[in-house]
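The values are calculated or read from the model by the stated rules, or taken from the named source; none is laboratory data. On a predicted model such as this, the values are computed, not experimentally measured, just so you know. Please note: Cβ atoms are built from the backbone with ideal geometry, for glycine as well, and neighbour counts cover all protein chains shown. In case anyone asks, the SASA skips ligands and DNA or RNA and just uses the protein heavy atoms, side chains included. Shrake-Rupley method; radii C 1.70, N 1.55, O 1.52, S 1.80 Å.
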Amino acid sequence: ARSSRRLGAGRKPCALLRAFLRAERMDRIELLRPADWHLHVRQGEAMRAVVPASAAVFAQALVMPNLKPPVTTTAAALAYREEILAAARAAGGRAASFVPWMTLYLTEATAPQEIDRAVDSGAVLAAKLYPAGATTNSDAGVRRIERIYPVLERMQQRGLVLCVHGEVVDPEVDIFDREAVFVEGVLAPLVARFPGLKVVLEHVTTAEGVAFVREAPETVAATLTAHHLRYERNAMLAGGIRPHFYCLPILKRERHRRALVEAATSGSPKFFLGTDSAPHPRGAKESACGCAGCYTAPLALPLYAEVFEAAGALDRLEGFASRFGACFYGVPESTERIALVRRPWTVPAAVPLGEGEEVVPLRAGETMGWVVE
Ligand code: NCD
Ligand code: ZN
């Protein structure tokens, strides 16, 4: 209201000017402690090394199950959960109250009874569909979707959310088209076949994906990563190949990035925060055949804030980061508050990953404009 008064009655300020006027007066924003609805924390020493960075900022997170071996049973998920809880407690401070929610890894051998066990545990919120071969540790995933129809039926009955890695694996399909082809050819029919099944299109990266989710029934939502909101493919490929920007789904062109930003800042509760922070040892990334995954946990919230600020939508960050996901999953949002403060800091060049390894975070050695207090 204030900005339109300044500009005179009846004049609507353009988005850029609005962004400028808002940014000018906001050096500190408070929000409910956020939640990360798509997080990889690995296992063993690496897990203990990376859990504190997420737990220090996020109140809760949905932990991905693509371990070696994959987390295919409720028993394995609960054991993994205990290890994560112990790592968070050991970190102390705010991290000690971190709540990890677990995800089952669906295979063609998953039994419907496993879905019952997952729901009854109270700690598993979702099961994940990895098309076999689509991404890191997805080989045990699903080759023919019909094979998991009985499991999806049970998930629909019991209200367990289906998280989807939304890319086809057909080598004939160009890597930049794999999400759009999946959305049209696999996801749309799936949603039509299971109208009561709650589905999250994970790390959506395309205008087509966003449009599908927006127009789909309320049962369908999507997570958005900070890196797909902030970068397009030139960050990875222009002026030298930068393996730390390589992730799946792969960064797309600018037109898609804009569609993602529009969705994230739209205020629609169908779009919420999921970092897909995915640490790999430096050597596995800086390689002739580098692994997919960007490690963003230590800078994720400041990176989202950067994107929301550039879009003139900092006032919509809290819904996206702290409320909509919890609402979709039917769990309480945090009641604590945190502050994002405008103060520059430098992302470390690397952070320890256990066993003598290190991981290079996104934006390593570069400056962030927002810090979490
Ligand atoms: C993830 C990983 O490394 O586990 N990699 C990635 O590029 N996003 C897996 C995934 O979510 O696809
Ligand atoms: Zn992921």
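Evaluate the stretch 173-195: report whether one residue or more is at pLDDT 95 or above, in contact with a Leu (Cβ under 7 Å, 6 or more places away or on another chain), more than 16 Å from ligand 2 (Cβ to nearest atom) and under 24 Å from Thr275 (Cβ atoms).
Scanning the stretch 173-195, I find at least one residue that is at pLDDT 95 or above, in contact with a Leu (Cβ under 7 Å, 6 or more places away or on another chain), more than 16 Å from ligand 2 (Cβ to nearest atom) and under 24 Å from Thr275 (Cβ atoms), so the answer is yes.
For the stretch 112-166, give me the residue count where each residue is open to solvent by less than 10 Å² (accessible area, probe 1.4 Å), among the small types (Gly, Ala, Ser) and within 16 Å of ligand 1 (Cβ to nearest atom).
Total satisfying the criteria: 5.
Here's a check for you: in the stretch 29-42, which residue that is open to solvent by 10 Å² or more (accessible area, probe 1.4 Å) and within 22 Å of Thr223 (Cβ to Cβ) is nearest to ligand 1 (Cβ to nearest atom)?
Going residue by residue through the stretch 29-42, those that are open to solvent by 10 Å² or more (accessible area, probe 1.4 Å) are 29-30, 32, 40, 42.
Now narrow it down to the ones that are within 22 Å of Thr223 (Cβ to Cβ): 29, 32, 40, 42.
On the way: Ile29: 28, Leu32: 26, His40: 5, Arg42: 8 Å.
Filtering first and then ranking leaves His40.
Is there any pair with a first residue in the stretch 259-284 that is on the phi > 0 side of the Ramachandran plot and a second that is more than 16 Å from ligand 2 (Cβ to nearest atom) whose Cβ atoms are under 6 Å apart and which are 6 or more apart or on different chains, and what are they?
Gly267/Arg316
Does at least one position in the stretch 205-222 carry a residue that is open to solvent by 10 Å² or more (accessible area, probe 1.4 Å), touching a His at 6+ places or on another chain (Cβ under 6 Å), more than 16 Å from ligand 2 (Cβ to nearest atom) and of a type outside the set (Ser, Thr, Tyr)?
Yes, the stretch 205-222 contains at least one residue that is open to solvent by 10 Å² or more (accessible area, probe 1.4 Å), touching a His at 6+ places or on another chain (Cβ under 6 Å), more than 16 Å from ligand 2 (Cβ to nearest atom) and of a type outside the set (Ser, Thr, Tyr).
Is one or more of the residues making up the stretch 139-156 touching a helix residue (DSSP H, G or I) at 6+ places or on another chain (Cβ under 9 Å), under 20 Å from Asp36 (Cα atoms) and among the aliphatic types (A, V, I, L, M)?
There is no residue in the stretch 139-156 that is touching a helix residue (DSSP H, G or I) at 6+ places or on another chain (Cβ under 9 Å), under 20 Å from Asp36 (Cα atoms) and among the aliphatic types (A, V, I, L, M).
Within 16 Å of ligand 2 (Cβ to nearest atom) and surrounded by fewer than 24 Cβ atoms within 10 Å (Cβ to Cβ) - does that describe any residue in the stretch 262-284?
So in the stretch 262-284, the residues within 16 Å of ligand 2 (Cβ to nearest atom) come out as 272-280, 284.
Filter once more, so that each one left must be surrounded by fewer than 24 Cβ atoms within 10 Å (Cβ to Cβ): 284.
Yes, that holds for at least one residue.
Do the conditions hold for His228, that is, is it out of contact with any strand residue (DSSP E or B) (no Cβ under 8 Å at 6 or more places or on another chain), open to solvent by less than 30 Å² (accessible area, probe 1.4 Å) and within 16 Å of ligand 2 (Cβ to nearest atom)? Write out each step before concluding.
Numbers: out of contact with any strand residue (DSSP E or B) (no Cβ under 8 Å at 6 or more places or on another chain): yes; open to solvent by less than 30 Å² (accessible area, probe 1.4 Å): yes; within 16 Å of ligand 2 (Cβ to nearest atom): yes.
Here the answer is yes, as His228 does meet what is asked.
Of the residues that sit in the stretch 274-300 and are closer than 18 Å to Arg257 by Cα and among the hydrophobic types (A, V, I, L, M, F, W, C), which one is farthest from ligand 1 (Cβ to nearest atom)?
Within the stretch 274-300, the match that is farthest from ligand 1 (Cβ to nearest atom) is Ala300.
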